[in-house]
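Laboratory data are not the source of any read-out in this text; all were calculated from the coordinates shown. Worth saying up front: this structure is predicted, and the values here are computed from it rather than measured. Backbone-built Cβ (ideal geometry, glycine too); neighbour counts: all protein chains shown.
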Amino acid sequence: MKDATAQTIYLKDYQVPEFLIDKTHLVFDLNDEFCRVRSSLSIRRNPESQSSSSPLFLHGGAELELQKIEIDSAVISETDYQRTAEGLIIDQAPDNCVINIEVLIKPHLNTTMMGLYKSRTMYCTQCEAEGFRNITFYLDRPDVMSEFTTKIIADKQQFPILLSNGNPIDQGDIENGRHFATWHDPFKKPAYLFALVAGDLSVVEDSFTTCTNRNILLQIFVEEKDLNKCDHAMLSLKNSMRWDEQTYGREYDLDRFMIVAVDDFNMGAMENKGLNIFNTSAVLANPKTTTDAAFQRVEGIVAHEYFHNWSGNRVTCRDWFQLSLKEGFTVYRDSQFSADMNSPVVKRIEDVVYLRTHQFAEDAGPMSHPVQPDAYMEINNFYTLTVYEKGAEVVGMIHSLLGDEKFRQGSDLYFSRHDGQAVTIEEFVGAMEEVSGQDLKQFRRWYKQSGTPVIDVTSHYDPEAKTYNLTFEQSCPATPGQSQKKPFVIPIKFGLVGADGRDLPLNNQGDQSMVFSLYETSQTLVFENLQQPPVPSLLRGFSAPVKLNYNYSSDQLAHLMANDSDGFNRWDAGQKLSLQVLNKLIEDAKAERELVMDQQLIKVFKSLLSDHSLDPAMVNLMLQLPSEAQLHEQAEIIYVEAIHRARQFARQSIATALEQQLASTYQRLTETQDYAPEANQIGRRALRNCVLGYLMKVKTVGPELAWQQFNNASNMTDKAAALSALVNCETAQNYATQALKAFEQDYCDETLAMNLWLQVQATSQLPEGLERVQALMEHSAFNINNPNKARSLLGAFCSANPINFHNKEGSGYEFLQQQIIALNALNPQVAARLVTPLTRWKKLPEPNCQLMRDALQQIANHKGLVKDIQEIVTKSL
Ligand code: 0A1
Ligand code: ZN
């Protein structure tokens, strides 16, 4: 892991593997102080490789204690191989042979959570992207696919459950209270999809009958205390299996599908063949301990990992530059699924908010990279919003360019043609091109060019000729390594809204909404016979991941908010209106002028609250002002205090002006039904809690209401919302203290709920945030070794509490720098993700800008910095 001279890997250097591994037999002998790993690899020279005499190179980390190597049953001596920092070179490997290797590893000392490690009392693995090389010597690259058989031996009492990929083929007891289990996976797979679990786990079982009537055993393995938190994941899994059959024609292939929940995990979950390993936060859910947002996250991640069985496992990536091949497509698939299970418009808005806030910021920062990167130092740094979310947007654009039928044909062709192969993004786009007959040559730039494209739209109405022109101009800012961009193909869905609020016909066929493909730098559309200038509704459904500017008046935006036939754009018009208001307030705050609230926004909000026919979920989204993080993204220079003050002022003004409407909405939405994590109820709770947030600004009302809600809540959504409202309210600190205590007492045994408790406090905007976080680091609920806890406290403070993190003294930066150094040696992946807020230093004014840079420099100077952090820090400086 520690690598002083981190190298850059380039896509252009890709070469097919020199050797292949047809069969892989593994034996894991788990002992308290070590694990003995024996592998038996059937190796042959790759006929497609250019070189016919190159030595055999196997990846393997420095932590592998090599015991023995045999080639075709003959032990080879130390003169026959060389060990390097990256692996093992065997000079005289025959073109066809069986290599047996024995190594010792120490999973209990592995804090990186890559390879084989211990999470509390159980053993588990994480091999994507390059973790298998920390388990044994191997060709650890995704284009080497092998048939795996895995035997696990362990103490039977401590580890009654022994799992690996595929089907169980043997098991039994052996001497000294030990037992074994052998698993065979009939599907060839790359090592990154390998998994092993050994632990004392309980199981929830169910079954699923596939479209061809095969019966699949479904199992979720958890600690016994969590047995009451598996229902939602199981239901989500069954829904995903049915949905993938119906929507993509994909049937599950093995006889069992297993999910294991582990507490210590770097990411959300992992799609290992037949044995998905999940972060507990991505699988466990119970109304008493889990918020609606977390319920929805579980549904989405269960689906995501399940969908990988086809988009990722059956058809996998040739190399890690193709990561978006599986991730972009799978995120697209899981978002379609979540849209179908809940409300499509709400899901789309949530995804776009996330993309605009976080992916746009990434694309404008020093780590900006294309959906298909062409170079990396540490692949773990490229599990990014760009590869995942922007990658999904790109697949969505292909879908909208091709239409439903051709898109499905393209996906069918892709899966059937490449089943069992490791392929490239090019193969995916090629299949889409082939079935549709469309030329996607220029479209491919979405994979190669980084940065968020900008579209400037202008309009002109000619009252004499009754014509209306819309001119679209596209550009894309320079990004690291890419100063000039060529035009993209941008599908822009749009309509023209008339004075009566109805969509005007756009052509002779009477279409009211159209997709226009912008492929030149500038293009103009002309519409005829318009008696009055319409209001253009542009980028409906957010049909492309771009920033679109059109100079709307506030009246036009109010018109779209009230009338647009596209639900997404009704919401977006409101966001644009709010942004106009906030940007003006931010300017005034910066110049220390008196802040005056815009009355039109208040009027619009009032009518939203008064119209009971509207969907509460949509009203909630429309009442949400753009977050501080989003305001930071769209600002040229981030004036943290001015932004905070302006937004707080707007919230205060809205609350004061609309107290009555807010209070009656709150009462009206009191739930009478039993809790269910379904779209309708979720929408009602969201609106009620949004309204509560505003009411906290009314001193005489908010604190009492929140305190009542905290005490009476029957579910975690309402409880956590009330807790957060109290914690963030200056005049409710008495209640806040009591509520935090009560919460701690009630949930001290619920790890995930306690993480929420840490997070609520880490994001409190009241002064002295850093001191609070430092104190919480001493609390027994915190443990820097656990990624969820590090994220809930440290991550949340540094990335979601700007007013405290960016204090003028720079103590927030110094704190983060110390935590990164502490994590450097423990968990490089968590550390590298935590650095992100510091990388945005260029956007802050002095003195913060310099202070952030200093902190980054301090990190860069640290001796023994892992390459994960090195890469980010060097690129940022
Ligand atoms: N393929 C997983 C993401 C994942 C990546 C790396 C991991 O460990 C370092 C773990 C999970 C997914 O997309 O869900
Ligand atoms: Zn994935």
TODO: Classify the range 161-230 as rounded, prolate or oblate from the Cα gyration tensor: take a ≥ b ≥ c as the square roots of its eigenvalues, call it rounded if a/c is under 1.5, otherwise prolate when a/b beats b/c and oblate if not.
DONE: oblate
Task: Value of [θ]222 nm, deg cm²/dmol, for the chain, DSSP H segments ≥ 4, -39500 (n - 2.57) each, nearest 500 - done: -12000 deg cm²/dmol
TODO: Would you give the gap between the C-alpha center of the range 529-554 and the C-alpha center of the range 244-318, rounded to a whole Å?
DONE: 38
Task: Estimated translational D of the range 434-508 in µm²/s (Stokes, Kirkwood radius over Cα pairs; 25 °C; 0.890 mPa s) - done: 157
- [ ] List every residue whose amide H lies under 5 Å from the amide H of Leu518, counting only residues 5 or more places away in sequence or on a different chain, with H placed 1.01 Å from N in the peptide plane.
- [x] Ile490, Ile492
Task: Considering only the chain, percent of DSSP beta bridges that pair antiparallel, nearest 5 - done: 80
- [ ] Specify whether the C-alpha gyration tensor of the range 528-611 places it in the rounded, prolate or oblate class, a ≥ b ≥ c being the square roots of the eigenvalues: rounded for a/c under 1.5, otherwise prolate if a/b is larger than b/c and oblate if not.
- [x] prolate
Task: Overall dimensions of the range 172-319 as given by Cα atoms, namely Rg and Dmax in Å - done: 15.6, 51
TODO: List the equivalent ellipsoid semi-axes of the range 694-806 in whole Å, largest first, each obtained as the square root of 5λ for an eigenvalue λ of the Cα gyration tensor.
DONE: 22, 17, 11
Task: Percent of alpha-carbon pairs separated by more than 21 Å within the range 120-214 - done: 43
TODO: For the range 600-642, would you read off the P(r) tail past 14 Å as a percentage of all alpha carbon pairs?
DONE: 58
Task: Filtered trypsin sites (Lys or Arg not before Pro), the range 576-626: DSSP coil and at most 15 other beta carbons within 10 Å - done: Arg593
Task: Alpha-carbon spread of the range 338-419, three principal axes, descending order, Å - done: 39, 34, 21
Task: Gain upon complete extension [Ser54, Tyr10; 0.36 nm per residue less C-alpha separation] - done: 13.7 nm
- [ ] Starting from the exponent 0.38 and prefactor 2.2 Å, build the expected Rg for the range 69-129 from its residue count and divide its actual Cα Rg by it.
- [x] 1.46
TODO: Find out how many positive minus negative residues lie around Leu794, taking Lys and Arg as positive, Asp and Glu as negative, among other residues whose Cβ is under 14 Å from that of Leu794.
DONE: +2
- [ ] Just need the relative contact order of the chain here, percent rounded to a whole number, with Cα pairs under 8 Å and 6+ apart.
- [x] 9
Task: Shape of the range 791-845, Cα gyration tensor, a/c cut at 1.5 - done: prolate
TODO: Enumerate the whole-percent occupancy of each 5 Å bin, from 0 to the last occupied one, for all C-alpha pair distances of the range 532-683.
DONE: 2, 8, 17, 18, 19, 16, 12, 6, 2, 0, 0
Task: Stokes-Einstein D for the range 59-193, Kirkwood Rh over Cα pairs, 4 °C, 1.567 mPa s (µm²/s) - done: 79
TODO: Pop out the ³J(HN,Hα) list for the range 807-812 in order, Karplus 6.51 cos²θ - 1.76 cosθ + 1.60 with θ = phi - 60°, rounded to Hz; leave Gly and Pro as x.
DONE: 5, 5, 7, x, 5, x
Open item on the list: Residue by residue through the range 386-403, what is 3J(HN,Hα) from phi via Karplus (6.51 cos²θ - 1.76 cosθ + 1.60, θ = phi - 60°)? Round to whole Hz and write x for glycine and proline.
Closed with: 5, 5, 7, 7, 5, x, 5, 4, 5, 4, x, 5, 4, 4, 6, 6, 8, x
Task: GluC sites (Glu not before Pro) within the range 508-587, DSSP loop, no more than 13 other Cβ atoms inside 10 Å - done: Glu520, Glu528
Open item on the list: Kirkwood Rh over alpha-carbon pairs of the chain, then Stokes-Einstein at 20 °C and 1.002 mPa s: what D in µm² s⁻¹, rounded to an integer?
Closed with: 74
- [ ] Give, as ranges by residue number, the residues of the range 298-314 whose backbone N falls under 13 Å from the point 7 Å along Cα→Cβ of Asp340.
- [x] 303-304, 307
TODO: Return the loop-located GluC sites (Glu not before Pro) in the range 24-120 (DSSP other than H, G, I, E, B) with at most 10 other Cβ atoms within 10 Å of their own Cβ; answer none if there are none.
DONE: Glu33, Glu48
- [ ] For helix 344-354, report the angle its Cα long axis makes with the longest principal axis of the Cα atoms of the chain; keep it between 0 and 90° and round to the nearest 10°.
- [x] 80
Open item on the list: Given points 7 Å out from each Cα along the Cα-Cβ axis, report the Gln673 to Gln708 separation in nanometres with one decimal.
Closed with: 2.4
- [ ] For Lys238, go through the lysines and keep the ones whose alpha-carbon is under 22 Å away, minus same-chain ones fewer than eight residues off.
- [x] Lys229, Lys273, Lys326, Lys347
Open item on the list: From Cα pairs below 8 angstrom and at least 6 apart in sequence, can you work out the relative contact order of the range 108-187, rounded to a whole percent?
Closed with: 22
